[in-house]
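Input: a single structure, listed below in structure tokens.
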Amino acid sequence: GVTRKRLFQQLLTESAMLAVLGGIAGLAVSHWGGQVFRELYLGRAADHSPVGDGRQLAFITLLTLAVALATGLAPALSTIREDVAGALKAGTREGSYRRSRAGSALLLFQGALSVLLLVGAGLFVRSLMNVRAMRMGYDVEPVLVIRSNARGLELSPAEVNALNERLVSTALSIPGVENRGSTVS
């Protein structure tokens with residue numbers, strides 16, 4: 001006894017909630033999992049996180065909304081085209097149940113993509129372990145790395161140079177720091 005409009009709204013609401021929860025879980029995994037990977041394989045935890053960057057958060061939000069719309073519209077549109085009440089009444093006893101071609105294709109695509117991602121993840125971890133075991137030709141343990149992130153700040157070139165000089169002088173004042181080098185990225 002539900003109207004098509006109400007069913008449409010319900011499907012969109014459910015998919016939006018699932019997409020938002022998935023987006024939040026993805027942010028949590030990328031934040032803490034990234035720190036764990038950096039600590040395990042690089043020997044130090046960096047401060048970079050997608051949670052602190054506005055552009056990455058905007059991209060993740062747009063991607064979450066796109067997933068919510070795509071996953072909510074597909075079943076909602078199929079309810080508009082079909083007689084849902086008749087299909088539910090008939091069930092499988094009358095043999096009217098049929099799997100959609102799009103659903104079967106998506107299921108096959110999901111399985112193939114899962115296998116591909118698992119193989120890729122395994123190769124990535126193995127390569128990361130090989131790089132970690134590789135000798136660089138110099139001792140990398142006592143290296144102090146300082147990165148300045150002035151993203152979003154409007155600084156003149158003179159102010160950027162002054163900031164970099166303050167960072168270098170502060171680093172040189174740390175006990176055990178003997179020399180410095182700088183790169184521009």
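The values are calculated or read from the model by the stated rules, or taken from the named source; none is laboratory data. As the structure is a prediction and not an experimental result, all values here were calculated from the model. Here the Cβ is made from the backbone with ideal geometry for all residues, glycine too, and neighbour counts use every protein chain on show. What goes into the accessible areas is simple: the full protein's heavy atoms, side chains included, and nothing from ligands, DNA or RNA. Shrake-Rupley method; radii C 1.70, N 1.55, O 1.52, S 1.80 Å.
So the values come out like this:
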| item | result |
| --- | --- |
| Residue pairs meeting the criteria (Cβ under 8 Å; at least 6 apart or on separate chains; first farther than 25 Å from R55 by Cα, in the range 151-172; second open to solvent by less than 80 Å² (accessible area, probe 1.4 Å) and small (G, A, S)) | L167/S148 |
| Selected residue (only one of G34, G22 is at pLDDT below 80 and under 14 Å from the mean Cα position of the chain (by Cα)) | G34 |
| Residues that are surrounded by 11 or more Cβ atoms within 10 Å (Cβ to Cβ) and either at positive phi or not in a loop (DSSP other than H, G, I, E, B) (or both), drawn from the range 132-164 | R132, E159, V160, N161, A162, L163, N164 |
| Filter pass, R101 being surrounded by fewer than 10 Cβ atoms within 10 Å (Cβ to Cβ) and closer than 23 Å to A74 by Cβ | yes |
